[in-house]
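Each remark here refers to the structure printed beneath this line.
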Amino acid sequence: VQLVESGGGLVQPGGSLRLSCTTSRVNLRAYAMSWYRQAPGRKRELVASISSSGGTKNYADSVKGRFAISRDNAENTLYLQMNSLKPEDTAMYYCKAIIDLLEVWGQGTLVTVSS
């Protein structure tokens, strides 16, 4: 099973992007999911997480109030809406699910915030 992210790109500071994560290989509705990011030379960090039902969400302090994690279980898709983007948000963004006790990651989508 592999997750597939999309939606990254180049955006100016203050702009917005929406990332998506999906797979055709498994029904994601039963699993809690997360978004992580990794900037060059830095450790991968948790950005946001969401419960299987979508009722519980958690965010890193650095993105609270700017990013919103959501899921559409009917579409088998996880989202990350990113607003008020800053240059320090530049990173490769990955989605993750824990399926049958195994961590399953996507290949990442690159977000670059620059003028």
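Contact order for the chain, expressed relative to its length and based on alpha carbon pairs under 8 Å spaced 6+ residues apart, stands at 37 percent. Three principal axis extents of the range 58-115 based on alpha-carbon atoms, in descending order, are 41, 22, 21 Å. The C-alpha atoms of the chain occupy a region whose extents along the principal axes are 41, 26, 22 Å, arranged from largest to smallest. Of the trypsin sites (Lys or Arg not before Pro) in the range 64-115, the ones in a loop by DSSP (not H, G, I, E or B) with at most 12 other beta carbons within 10 Å are LYS64.
For the range 3-42 and the range 82-115, compute the distance between their C-alpha centroids and round to whole Å. Taking the Cα centre of each part, the range 3-42 and the range 82-115 sit 5 Å apart.
Taken about its Cα centre, the range 1-104 carries a charge dipole of roughly 140 debye when the Cβ of each Lys and Arg holds +1 and the Cβ of each Asp and Glu holds -1.
Read-outs throughout are calculated quantities, based only on the coordinates presented, and are distinct from any laboratory measurement. Since we're looking at a predicted model, the values are computed, not measured. Cβ: placed from backbone, ideal geometry, glycine included. Neighbour counts: every protein chain shown.
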